[in-house]
1. Using helices alone, I'd like the mean residue ellipticity at 222 nm for the chain: each DSSP H run of four-plus residues gives -39500 (n - 2.57), total over residue count, nearest 500.
2. Restricting things to alpha carbons, find the Rg to Rh ratio for the chain using the Kirkwood radius for Rh.
3. Scanning the chain for helices, which whole DSSP H stretches are 15 Å or more long along the axis (Cα) and average -0.5 or more by Kyte-Doolittle?
4. Under 17 Å Cα to Cα from residue 36, which lysines show up? Leave out anything in the same chain fewer than 8 places away.
5. Sort 48-57, 95-104 by the packing proxy (mean of other Cβ within 10 Å over each peptide's residues), most packed first.
6. Using Cα-Cα distances under 8 Å and only pairs 6 or more residues apart, what relative contact order does the chain have, in percent?
7. Straight-line reach from residue 168: which lysines have Cα under 29 Å away, leaving out those fewer than 8 places along the same chain?
Amino acid sequence: MLQAILHYQEIDRKLFKLENELAESEERKKYVKLQKFLKVAPEKLDALEVKATSLKAETDALAKKYEQVEATLADFENLEELIGGGADIAFYKKKAQSVVEMLRKIKADLGTLVEAIKATDEEYKKLKKQVIAAQKQYGEAAESYKAVKAAREDERKAIEKELADAEKKVDAQMLARYQTKRKEKLFPVVGELYAGRCPFCSMEPPIAAKSNLAAGIECDHCHRIIFEK
């Protein structure tokens, strides 16, 4: 039973190698990179739109506040008459200075918000251009990766045919265990103990589990299937 799965694994090694070579190909890397970018880009564009709208609202509110504060300067139009009538000049001078300082601060804050809106708008436009370019490149990258896979399709089919033939001699339960591990990207999946230890991670199996080694057990450390003849 174990020899059959080991033979199956040796054939599967070729398929695993082919899959890795395709996964590491420059065509796939470019395709996946563009795919990921296009997936998150709409969310980023929406976030920039929300940010720009929020900044615009803050700017409008601050501009309105500026007008309101500026209107208070009208209180000083008749300052000479008020002073002539005995008003406290120090009070009005202090009040005027306070209003001027407030206007300066609001003006500075408005400038900061306007710059933030400008920067956000530029970032949005830049991202939009990148999205348009990526959409075009994505189609080309998808075709390139498709061509790379197609070029090795005959090789894949030949290996899969070998696996199908070898599968007939493998215990169904063992094959199911193997394929579950394979889906977890573990490879090799099955191995014989070396000097009483897992051949993959060198951990010694628990004493309680040693009686089941002939049928194959799961290594507690690397989770591969290990056995002992």
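Since every read-out is calculated from the coordinates, none of them should be taken as a lab result. These numbers were taken from a predicted model, which means no experiment stands behind them. Glycine gets a Cβ as well: all are built from the backbone with ideal geometry, and neighbour counts include every protein chain shown.
1. Working: 6 runs with 164 residues, N = 229.
Value at 222 nm, helices only: -25500 deg cm²/dmol.
2. Values: Rg = 36.5 Å, Rh = 25.2 Å.
Taking Rh as the inverse mean 1/r over Cα pairs, Rg/Rh reads 1.45.
3. Details: long enough: 2-23 (30 Å, -0.31); 26-71 (65 Å, -0.73); 89-151 (91 Å, -0.41); 153-167 (20 Å, -1.54); 172-183 (16 Å, -1.38).
TM-like helix candidates: 2-23, 89-151.
4. 44, 128, 129, 136
5. On the way: 48-57: 14.5, 95-104: 12.9.
Answer by packing, highest mean first, reads 48-57, 95-104.
6. On the way: 171 pairs, mean separation 68.2, N = 229.
Computed value for the chain: 30 percent relative contact order.
7. 14, 17, 149, 157, 181, 183, 185, 210, 229
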